[in-house]
There are 2 protein chains.
Amino acid sequence: MADPYVHGYHPRESARLQDQAATLVDLLHCDTFYPPGSLVLEAGCGVGAQTLPLAKNSPGARIIALEISGSSAAEAERQVAAAGIANVRVLQGDIFRLPFRKASFDHLFVCFVLEHLPKPVEALSALREFIKPGGSITAIEGDHGSAYFHPDSLAARRAIGCQVTLQERAGGNAMIGRELYPLLVRAGFAEVSVSPRMVYADGSRPAMADGFTRKTFTAMIEGVRDAALAAGLMREREFDTGVADLYRTAEEDGVFCYTFFKATGKKG
Amino acid sequence: MADPYVHGYHPRESARLQDQAATLVDLLHCDTFYPPGSLVLEAGCGVGAQTLPLAKNSPGARIIALEISGSSAAEAERQVAAAGIANVRVLQGDIFRLPFRKASFDHLFVCFVLEHLPKPVEALSALREFIKPGGSITAIEGDHGSAYFHPDSLAARRAIGCQVTLQERAGGNAMIGRELYPLLVRAGFAEVSVSPRMVYADGSRPAMADGFTRKTFTAMIEGVRDAALAAGLMREREFDTGVADLYRTAEEDGVFCYTFFKATGKKG
């Protein structure tokens, strides 16, 4: 079995400094290429947000995108069709009961999935069974403990903490990014390598401040307002101050930092 | 006046992903080159730790390294001589009372200095006067709020907080890294650009775990033990637990993250 990395995946050559990435998609996916003819499983594709750049980067690979939610899978299928992408098949199914033979896939791709699982090592070990010998895994996760900003704000940090607590209560881990290396090693992967991808937005990068600080990160924190207040994690006024303070960091003299972690490994 | 950046400073071409940097020196200095014949002021050179890589990267530039402490300046001079470096002159002097004519320097280099100053914008504005029109500034600072690790530890975070508090009480700011962009803009610099340089150490990077996590960062936190305990910031036992927990993150299944910020700007 030839090593698919040799031809299809050159993180060092194609990776760029985080401050050169124009968008989040660029930052996370610019160096993931799968060789023509290879079969890729995207485990947990949601509405297909990562599936599209993945498929566009590797037009010769065949991608099976699995999603447990019927409505999300349907939306992913619509997105794929609307983009005119022909190398993706979206399936509804459970990543813990994969409807495939073991050792079927050349590559496994998991993005923003492990953060929601109570037992990520067990999940990775189970998924590993479906990779061919010599095949690869790519896992991408954020880490909410990596968020810091200027002006600093205790209320903003506490509002982020609400999201971390709620995710923890749901059995997940919003700070899993930093743990990818030991998790993949414990799950039995070889040649594990982690590349941090830092999002940095300041006044010279208004598109990143708008696209990430405002519309991605702060909007997400804003989205847990009702749940956080219902759980009594913060008082309404302080939570709203925290969200306002996060929006404040997207202004011209503000700065926002957040780091995603991209891990690769091989099934030896 | 020719733009010295055009020939001497290509951050995008020579910068590397943080996960490719073998050492901290590489991570921070690999993309700073000054053209032959240019005159560079390193304001606050300490014992010359940054002076040596700076001088080696730009053998044709003349570097004046200023340091207020007589003993540090003497040590810097010894280091420079021991390394056989001929293009550096170490001077003892106050960066706020520079013994030079204004607009004397092509480039200004300040590393790990602003974090100790009560009024960094005023300091930058004053130093700016000594740069020639069209000349540049390079400023590098860490940010202790950028430190996070696995396994996480409240005691470790509180021990780091002691260093932040002590530095604040001394008039400094140990979390200044994230603020470099707005600080340089407020000081009047043009074309300000900030490049975050993240140190990431996991089990696959034992040299970084040893050189940075253990011997640089944790040793620094350990170094404020007496001052932190004397100030009553933490109890002895918890502080020692925090330091032990930081050392723990340098083990094979541990992870440590920290970010330096490198800013460049121009005197328009």
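Screening B:Y258 with (1) away from chain A (no Cβ under 14 Å); (2) under 25 Å from B:C111 (Cα atoms) gives one miss only, at (1). Scan segment A:160-188 residue by residue and report those that are part of a loop (DSSP other than H, G, I, E, B), open to solvent by 30 Å² or more (accessible area, probe 1.4 Å) and closer than 30 Å to A:R214 by Cβ. Within segment A:160-188, A:A170, A:N173, A:M175 qualify. If you take the residues in segment B:222-268 that are of a type in the set (V, I, T) and not in a helix (DSSP H, G or I), which one is nearest to B:T165 (Cα to Cα)? In this case the residue turns out to be B:V224.
Contact map, segment B:81-108: first residue without any contact (Cβ under 8 Å) to a residue 40 or more places away in the chain and among the polar types (S, T, N, Q), second residue assigned to a strand (DSSP E or B) and open to solvent by less than 40 Å² (accessible area, probe 1.4 Å), Cβ cut-off under 9 Å, separation 6 or more or different chains; pairs are B:N87/B:I63; B:Q92/B:L66; B:Q92/B:E67.
Within segment B:196-237, the set of residues being farther than 20 Å from A:E179 by Cβ, open to solvent by less than 20 Å² (accessible area, probe 1.4 Å) and touching a Phe, Trp or Tyr at 6+ places or on another chain (Cβ under 7 Å) comprises B:P196, B:R197, B:A228. For B:G37, the stated conditions do not hold, so it cannot be described as at pLDDT below 95 and on the phi > 0 side of the Ramachandran plot. Restricting A:S153, A:S136, A:S125 to those that are hydroxyl-bearing (S, T, Y), touching a strand residue (DSSP E or B) at 6+ places or on another chain (Cβ under 8 Å) and either touching a residue at least 60 places away in the same chain (Cβ under 8 Å) or within 14 Å of chain B (Cβ to nearest Cβ) (or both) reduces the list to A:S136. Every condition in (1) within 17 Å of the chain's Cα centre (by Cα); (2) over 15 Å from B:Y258 (Cα atoms); (3) open to solvent by less than 10 Å² (accessible area, probe 1.4 Å) holds for B:S193 except the one numbered (3). In summary, A:E141 fulfils each of the numbered conditions (1) of a type outside the set (K, R); (2) under 17 Å from the mean Cα position of the chain (by Cα); (3) open to solvent by less than 20 Å² (accessible area, probe 1.4 Å); (4) away from every other protein chain (no Cβ under 14 Å) with the single exception of condition (4). All conditions but one from (1) outside any helix (DSSP H, G or I); (2) closer than 22 Å to A:V194 by Cα; (3) not polar (S, T, N, Q) apply to B:E191; the one that does not is (2). Listed conditions (1) open to solvent by 20 Å² or more (accessible area, probe 1.4 Å); (2) more than 30 Å from A:F256 (Cβ to Cβ) are all met by A:A65, apart from (1). Residues in segment B:75-90 that are of a type in the set (A, V, I, L, M, F, W, C) and under 16 Å from B:G37 (Cα atoms): B:I85, B:A86, B:V88. Among the residues of segment A:68-83, the ones that are of a type in the set (V, I, T) and open to solvent by 70 Å² or more (accessible area, probe 1.4 Å) come to 1 in all. As a summary of the residue check, B:F109 satisfies the conditions (1) under 24 Å from B:E168 (Cα atoms); (2) assigned to a loop (DSSP other than H, G, I, E, B); (3) in contact with a helix residue (DSSP H, G or I) (Cβ under 8 Å, 6 or more places away or on another chain) except for the one numbered (2).
Entry remark, segment A:169-179: residues being more than 11 Å from chain B (Cβ to nearest Cβ) and closer than 22 Å to A:L246 by Cα number 1 in total. The set of residues in segment B:180-210 that are in contact (Cβ under 8 Å) with a residue 24 or more places away in the chain, at the interface with chain A (Cβ under 7 Å from one of its Cβ atoms) and either basic (K, R) or over 18 Å from B:G268 (Cβ atoms) (or both) comprises B:S195, B:P196, B:M198, B:Y200, B:D202, B:G203. Among the residues of segment A:99-145, which ones are among the hydroxyl-bearing types (S, T, Y) and within 19 Å of A:Q50 (Cα to Cα)? Within segment A:99-145, A:S136, A:T138 qualify.
Any chance you could count how many residues in segment A:48-74 are under 13 Å from the mean Cα position of the chain (by Cα), without any contact (Cβ under 8 Å) to a residue 40 or more places away in the chain and part of a loop (DSSP other than H, G, I, E, B)? Residues that pass the stated criteria total 1.
Using the structure shown, decide if B:R97 is outside any helix (DSSP H, G or I), at pLDDT below 95 and open to solvent by 20 Å² or more (accessible area, probe 1.4 Å). Yes; evaluated as a whole, the condition is true for this residue. Scanning segment A:237-266 for residues being closer than 30 Å to A:E191 by Cα and of a type in the set (F, W, Y) gives a total of 3.
The values are calculated or read from the model by the stated rules, or taken from the named source; none is laboratory data. Keep in mind that this is a model prediction, so the values were computed, not measured. Counting neighbours? That spans all protein chains shown, and the Cβs are built from the backbone with ideal geometry, glycine included. To get the accessible areas, we keep the full protein, side chains included, count just its heavy atoms, and leave off ligands, DNA and RNA. Shrake-Rupley method; radii C 1.70, N 1.55, O 1.52, S 1.80 Å.
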